[in-house]
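The values are calculated or read from the model by the stated rules, or taken from the named source; none is laboratory data. Remember, predicted model here, so these are calculated numbers, not experimental data. Here Cβ is always computed from backbone atoms with ideal geometry, including for glycine, and neighbour counts include all displayed protein chains. Heads up: the accessible areas ignore ligands, DNA and RNA and are worked out on the full protein's heavy atoms, side chains in. Shrake-Rupley method; radii C 1.70, N 1.55, O 1.52, S 1.80 Å.
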Amino acid sequence: MSILPSDKEPAFWQQNLKALLEYYRSTPDGLTSREAIERLTRYGPNLFHPQRRNILIFQFLSKFSNPLVIILLVASAISALTGDVASFIIISLIVFMSVTLDFIQEYRAGKEAEKLRQSVTVHVQALRDGKSQEIPLPSLVPGDVVLLAAGDLVPGDGRILEAKDFFVNQALLTGEPYPVEKKPGESPDEAEILSAGNTVLRGTSVVSGTAKVFICNTGANTVLGDIADSLIAKAPPNSFEQGTRSFGLLIMRFTIFLVLFVLLVNAFFLRPWLESFIFAVALAVGLTPELLPMIVSVTLARGAKRMAAKRVIVKQLASIQNLGSMDVLCTDKTGTLTEACIHLERHIDSLGRDSKRVLELAYLNSFFETGLKSPLDDAILEHKEIDTTAWRKIDEVPFDFERRRVSVLVDNGQKRILVVKGAPEDILNLCTSYEGESDTDLHPLDDAAMATVRALFDSLGREGFRVLGIAWRLEEANFPHIVVSDEAKLVFSGFAAFLDPPKDSAKKALTDLAASGVSVKIVTGDNELVTQHICGQLGLPITGILTGADILKIDDQTLIGQVENVNLFCRVTPAQKNRIILALKKRGHTVGYLGDGINDAPSLHSADIGISVDSAVDVAKEAAEMILLEHDLGVLQSGVIEGRRTFGNIMKYIMMGTSSNFGNMFSMAGGSLFLPFLPMLPTQILLNNMLYDISEIPIPMDNVDEEYLMRPRQWDINFVRKFMLIIGPISSIFDFLTFYVMIKVFQAGEALFHTGWFIESLATQVLVIFVIRTHKNPLKSRPNPWLTICSLLVVAFAILLPFTPLGGILGFVAPPLLFFFILACMVIMYLLMVEVVKQWFYKRYASL
């Protein structure tokens, strides 16, 4: 349901409001719950691209779209038509079991990840059944009436019914950084929706004030929805996604080359073409890292679930790796290093004397302010002894992060005054006089007086107080409206001084982060004296300080040069925060940013990993990739470790795949050159691959060495390639040794040869998991019990299979007992050799 511009009727922002409500069959009190459900069914969720969930059976069938699987099934069908029905049944059964295994694992992972994402979805305050209710953003429908306040995201395109000092930021749509005031009213002649003062648009954010808004368009029908593909472009793949893709392509290139080589060799020796073709396809299936997407998705989903248990909700699974590789964290101090339990400890005049006058002015400003209230406002408003009944608000200039102050115009019937509260540095620059004994005893704020006041301000900062400056100006009784330019020639009244004690947990968290290779940089709007005091209490060494004024004087290149050795950035604006993050990224750091305010959204977008808290404003929560359910660095530290654990388990599969698959490629290719038959039957290759896949299912649950978790981890495709080329061929050496033993020692025919190599191949590639899964001595690193059990069961199954009727159907025969003795010796030798080479490799190419 939408009213879009057309030649026949005016657009919704141009229409008479009463007619608009009738068209939508709604009222200023909103819809009933029943009407909302009917409209949601009819018009769909409030999303730009509603996710269409395929029927489960179609999701399962889509797994068969893999080209290799299709070719294999077609080839096996041809076998059936040529009379080899047994091969058709066995191949089809193995392929079906492999696909089912992959589907079940990915489906469960997807469900867990979606459940976590839903737990932190943005909610909207809507009027349903005549009362205010909190509903999920996607449940909003045309005809709903929503209540908006500072910090909210506008959930749809709509008309303003009521507003009070209501300012929104439309930068996402217009590029204009300054807030725009919106009011109820008619705009019949306004052709452009972006210029309509009576309309708010989806995706914009509320800077200050409150409003009651009638929603006309949702989802793809909004202005933002119409251009969502261009504005909200898909983010470029991160280093982890690029790395996994590069690894897959690397293996695929080798696979294609060697499969073609095997086909040519079999054609040269005039072996049956159909059997050779099925063998080549089965080889491709067995050698490609087809399990990689499932292992990645399952491991990330399990990592997200473990992080949720540590009070960290992951909105985007790929961001887990970014958190694990983060080596710089930028954060404000309030609520992170401090308790965010702020108390107004002192209210003093310009000479440092206690002043009830200062408290009264601060209270009037905070009480009548309609913008986003800070914890400082809450602390002021705890002083209920101030009586405001005689006062009424006339107008307001809301807070913004460039001015760093808020002004209200109030009247008590006897006088009308402008009260300004904000950052002391800015407030003092606007003052020309200061109060003496009373509000009528005014003195010029000359250089000497200014020096005295600034000294008082500095002394408060050194004692750890957060400080607001309070100023005022008397206005004419009929003065109706204030603007920013009215904030001039003020009378300085005094300071409101607050204490926010450091968190008990912050000191340990900072120590743990430093030990984990993550440096913390404080990026705050507070002054440097207060921040230094807090850092001193927490034992955080200060390596350098830059203020907003300093940053304003230097270009980006100079900032890049200085940002490395500075860990305290004070009195910075939102734009300067962004510059700091980009400078750190230019130096090659993986940067995390922890923020919870309206001004933090750009920095959350710019950082490699944007982190917010559950109590943050909607704008920050929407921009972040992770949400902390507790505003605590200790919680974040736990998330960092979980991110590295998740990345470590994914890398285990990658390293195992390189060592096993690459070695098997050489073995298959080499065996095809001199053996008078195929090294292994197609059905046996597929069974080998499926059993190997089963053995690796518990990898996401595996333990990770503590040493591995102690520093940030980055994807390095060159390191993986070297590992493959050095460790992989060891597998081929023992494969060729097996070939020799089977032919020369046991005089093996085709069936016995296939049996011997099947058992040896599976035993070596499964058991090498315990060597490769750790950088340390495998005997000193304990694997997850399920990984141990699963791997040993798979090897036991492979050994016992030839002695069962199923083994006979698959073409296996029972090997002599001597074979198992030789097998045990070869497996032990293989594992020892891999361990020796692995230790050399890590000393040569890597460091813990």
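Just the number: Rg to Rh for the stretch 392-532, Cα atoms, Kirkwood Rh, two decimals.
My calculation of the ratio gives 1.09.
Give me the net charge of ASP550's neighbourhood, meaning all other residues with Cβ under 13 Å from the Cβ of ASP550; Lys, Arg count +1, Asp, Glu -1.
Charge balance near ASP550 sits at +1.
When Lys and Arg each count +1 and Asp and Glu each count -1, what net charge do the other residues less than 14 Å away from SER731, Cβ to Cβ, add up to? Display every interim value, and only then the final one.
Details: positive: LYS838; negative: ASP735, GLU760, GLU835.
Around SER731, the surrounding residues sum to -2.
Determine the per residue accessible area of the stretch 702-848 with all protein chains present and a 1.4 angstrom probe, expressed in square angstrom.
On the way: 6880 Å² over 147 residues.
Heavy-atom accessible area per residue stands at 47 Å².
Give the residue list of GluC sites (Glu not before Pro) in the stretch 136-204 that are DSSP loop and have at most 16 other beta-carbon atoms within 10 angstrom.
GLU186, GLU192
Between their Cα atoms, which of LYS521/LYS780; LYS315/LYS577; LYS333/LYS586 are more than 31 Å away from each other?
Correct reply: LYS521/LYS780.
Which value, in Å² and to the nearest 10, is the accessible area of LEU317 when all protein chains are kept and the probe is 1.4 Å?
Per-residue accessible area (LEU317): approximately 40 Å².
Based on a Kirkwood Rh over C-alpha pairs, give the Stokes-Einstein translational diffusion coefficient of the stretch 744-805 at 10 °C and viscosity 1.306 mPa s in µm²/s.
119 µm²/s
Can you list the equivalent-ellipsoid semi-axes of the stretch 564-605, largest first and in whole Å, using the square root of 5 times each Cα gyration tensor eigenvalue? Can you show the working numbers first?
Numbers: eigenvalues 57, 31, 15 Å².
Result for the stretch 564-605: semi-axes of 17, 12, 9 Å.
Below 11 angstrom from the Cβ of ASP486, what's the summed charge of the other residues (Lys, Arg +1; Asp, Glu -1)?
-1
Distances over 18 Å make up what percent of all Cα-Cα pairs in the stretch 720-848? Walk me through the numbers before you get to the answer.
Details: 4765 of 8256 pairs.
The calculated P(r) of the stretch 720-848 puts 58 percent of pairs beyond 18 Å.
Could you look at the stretch 509-608 and say what percent of its accessible area is carbon and sulfur, using a 1.4 Å probe and all protein chains? Write out the running numbers ahead of the final one.
Values: 1940 of 3760 Å².
That fraction is 52 percent.
Provide HIS754, HIS605 ordered by accessible surface of protein heavy atoms (probe 1.4 Å), highest first. Intermediate results must be reported in sequence, preceding the final value.
Values: HIS754 5, HIS605 135 Å².
Most to least solvent-accessible, the answer reads HIS605, HIS754.
Ignoring any ligand, DNA or RNA, what whole percent of the accessible area of the stretch 755-848 comes from carbon and sulfur when the probe is 1.4 angstrom?
Numbers: 3500 of 4570 Å².
Of all accessible area on the stretch 755-848, carbon and sulfur atoms account for 77 percent.
Roll a 1.4 angstrom probe over the protein heavy atoms and tell me the percent of accessible area of the stretch 388-440 that is carbon or sulfur.
Answer for the stretch 388-440 is 45 percent, counting heavy atoms of protein chains only.
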